[in-house]
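Undergrad: What follows is a structure written as structure tokens; I'll ask about it next.
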Amino acid sequence: MRHLSLFCLVLLTACSGKPGNYEPYLEGRNVGLSTSETVRHCHGYGCQRIDNIAFSKKDWRDVNAIFRPKPKNAEAERQRISKAIALFENKIGPRAGTQNDVRGTFRETGVFQLDCVDESTNTTTYLSLLEKSGLLKFHTVKGPTMRFPIIHAGRWPHQTAVIEETSSKTLYAVDSWFRDNGAPADIISLKEWKQGWKPADVHDLL
């Protein structure tokens, strides 16, 4: 029943185009909220496996360094966010065994590979930690949202993490699924993402 309720919530979010709060989503996935010392990490497709990964003060110094000097505007902050997601993946991947995760869902298989649910959930976790640490000045973190072939575009359903620019209220997809582990996340307006966007250099996914 919990999984059915979560699916209905995600479906309604996808149809309305208005991502909600990320905390109920993480609780619904049984991931819960991470702390600065312990990061909850999904893998194995659909968050079937969830690990507690230690994150040190040295790790946080490296994350903070990405945001120095402070971004002067929202666009610059999004560029830093993209790099920060890559850093989280590069640090957490070897500790969780997911360092060899390849882009997409079915190019490789196994419990240490990630699908778009794993990717968007982990990215939401990383974004929430950036927000809680005070590193995000121009954006707030929203819950993940989906696109569907009939409703939106593409051949398969797809899910992404989401941020909102605080001044314009523009929503942006923060999508790490199109890249191998440790690559910068793609950040694109959610409106364009819903229309079936994928990176120009990606031709074999979705």
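Undergrad: Under a cut-off of 21 Å between alpha-carbon atoms, report the lysines in cross-link reach of K191, not counting same-chain residues fewer than 8 places apart.
TA: Here the lysines satisfying the reach criterion relative to K191 are K18, K142, K169.
Undergrad: How compact is the range 38-173 by the rule of thumb for globular proteins, expressed as Cα Rg over 2.2 N^0.38 Å?
TA: 1.08
Undergrad: Among residues other than D175 whose Cβ falls under 10 Å from its Cβ, what is the net charge (Lys/Arg +1, Asp/Glu -1)?
TA: Working: positive: R179, K198; negative: E119, D186.
Summing Lys/Arg as +1 and Asp/Glu as -1 gives 0.
Undergrad: Just to be sure I understand the curve: with the Debye formula and one point per C-alpha of the range 97-146, what is log10 I(q)/I(0) at q = 0.25 Å⁻¹?
TA: Log-scaled intensity ratios, in q order: -0.90.
Undergrad: Using θ = phi - 60° and the Karplus form 6.51 cos²θ - 1.76 cosθ + 1.60, what ³J(HN,Hα) does each residue of the range 126-140 get, whole Hz, x for Gly and Pro?
TA: Karplus-based 3J(HN,Hα) across the range 126-140 equals 4, 4, 5, 5, 4, 5, 5, 7, x, 7, 9, 9, 10, 9, 10 Hz.
Undergrad: Quick one: putting +1 on the C-beta of Lys and Arg, -1 on the C-beta of Asp and Glu, what dipole do you get for the range 75-206 around its Cα centre, in Debye to the nearest 20?
TA: 260 debye
Undergrad: Quick one: what are the phi-derived ³J(HN,Hα) couplings along the range 159-171, Karplus 6.51/-1.76/1.60 with θ = phi - 60°, whole Hz, x for glycine and proline?
TA: So the Karplus estimates, Gly and Pro as x, are 10, 9, 6, 9, 10, 10, 5, 5, 6, 8, 6, 6, 8 Hz.
Undergrad: Going Cα to Cα from K57, which aspartates and glutamates come in below 13 Å? Please leave out same-chain ones fewer than 8 positions away.
TA: Within the straight-line cut-off, K57 pairs with E37.
Undergrad: How high is the relative contact order of the chain, given as a whole-number percent (alpha carbon pairs under 8 Å, six or more residues apart)?
TA: Worked out over the chain, it gives 22 percent.
Undergrad: With each run of n ≥ 4 DSSP H residues scored as -39500 (n - 2.57), what mean residue ellipticity at 222 nm is computed for the chain after dividing by its residue count and rounding to the nearest 500 deg cm²/dmol?
TA: Values: 6 runs with 77 residues, N = 206.
The per-residue figure over the chain is -12000 deg cm²/dmol.
Every number here is computed from the coordinates shown, using simple stated rules; none is lab data. Computed from a predicted model, the values in this text were never measured in an experiment. When we count neighbours, we look across all protein chains shown, and the Cβ atoms used for this are built from the backbone with ideal geometry, even at glycine.
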